[in-house]
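Down below is the structure, laid out as structure tokens.
The values are calculated or read from the model by the stated rules, or taken from the named source; none is laboratory data. Not measured: the values here are computed from a predicted model. For neighbour counting, all protein chains shown are included, and Cβ atoms are generated from backbone atoms with ideal geometry for every residue, glycine included.
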Amino acid sequence: MMYTVVLGFARLVTKFIWSLHIYGRENVPKQGPLIVAANHIHWMDPVALAIAIPRTVRFMAKQELFKNPAFGCFVRSLGAFPVKRGEPDRAAIRTSLEVLRDGGVLGLFPEGTRSRTGHLKEAEPGVAVLAVRGKAPVLPVGITCTSGFPKGVTVNIGRPMRFEQFYDQKAKMSTYRDIGREIMKEISRLREGANDTV
């Protein structure tokens, strides 16, 4: 599978450019639907997550990455699929729910885009919508990165967050936003914890 080949290559390459620390791998459920939700500070974050999570992760990626036919084909071969940022994307939601219903792992960045300052932003409602509609736990992950070369990267994996109380009811948008804030609060805690352990 292309994902396995590329991941193996990425592990080899990152040994020379990163000092990568991974904590909390034991918190990753071995099977069943799962949403991996992390903060986004660098374009290499998906690589760090793929290395850290011991399951195949299908990433929701910004549509712009698919504009180049060759690169778009490559990204798709890794299981990623496009999402339009800043607007509801029914196709991306449908694909995400299919991944979860098949018992797969969905990787996304709740903030919707990279933080240029490193400060966490508020979560878009999508992560909560998918967690409720897909009946999937959310695995919060905090990523921290130091400057310099080689770059020090820490991936701190938290415990799954479950929102079963909302599975069989039609949640309000305010509820989704509350769930999103709860997820981001945990990601923030994991980032602070990572800073203490490095």
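Listed by first and then second residue, the pairs linking a residue in segment 27-43 that is in contact (Cβ under 8 Å) with a residue 40 or more places away in the chain and buried (at least 24 other Cβ atoms within 10 Å of the Cβ) to a residue that is of a type in the set (Lys, Arg) and not in a loop (DSSP other than H, G, I, E, B), with Cβ atoms under 9 Å apart and 6 or more places separating them unless they lie on different chains, are Asn39/Arg191. Within segment 157-174, if we keep just the residues that are surrounded by 15 or more Cβ atoms within 10 Å (Cβ to Cβ) and of a type in the set (Gly, Ala, Ser), the residue that is modelled with the lowest pLDDT turns out to be Ala171.
Evaluate segment 73-86: report whether one residue or more is touching a Pro at 6+ places or on another chain (Cβ under 7 Å) and touching a residue at least 40 places away in the same chain (Cβ under 8 Å). Checked against the condition, which is being touching a Pro at 6+ places or on another chain (Cβ under 7 Å) and touching a residue at least 40 places away in the same chain (Cβ under 8 Å), segment 73-86 yields no hits at all. Considering only residues that are part of a loop (DSSP other than H, G, I, E, B) and not basic (Lys, Arg), look in segment 118-128 and name the one that is modelled with the lowest pLDDT. Only one residue fits best here, namely Gly118. The residues of segment 114-146 that are within 16 Å of the chain's Cα centre (by Cα) and of a type in the set (D, E, K, R), listed by number, are Arg114, Lys121, Glu122, Glu124. Would segment 63-81 turn up any residue that is of a type in the set (A, V, I, L, M), under 23 Å from Lys121 (Cα atoms) and either surrounded by 18 or more Cβ atoms within 10 Å (Cβ to Cβ) or under 13 Å from the mean Cα position of the chain (by Cα) (or both)? Looking for residues that are of a type in the set (A, V, I, L, M), under 23 Å from Lys121 (Cα atoms) and either surrounded by 18 or more Cβ atoms within 10 Å (Cβ to Cβ) or under 13 Å from the mean Cα position of the chain (by Cα) (or both), one finds none in segment 63-81, hence no.
Hey, among Gly86, Gly103, Gly112, which residue is touching a Lys or Arg at 6+ places or on another chain (Cβ under 9 Å) and either among the basic types (Lys, Arg) or on the phi > 0 side of the Ramachandran plot (or both)?
Gly112
Going by the structure shown, is Gly107 buried (at least 18 other Cβ atoms within 10 Å of the Cβ) and not aliphatic (A, V, I, L, M)? Judged against the criteria, Gly107 is a match. Evaluated against (1) of a type outside the set (S, T, N, Q); (2) under 14 Å from the mean Cα position of the chain (by Cα); (3) closer than 18 Å to Arg191 by Cα, Lys151 falls short on exactly one condition, (2). Report whether or not Thr154 is polar (S, T, N, Q), modelled with pLDDT of 85 or more and in contact with a helix residue (DSSP H, G or I) (Cβ under 7 Å, 6 or more places away or on another chain). So Thr154 passes the test.
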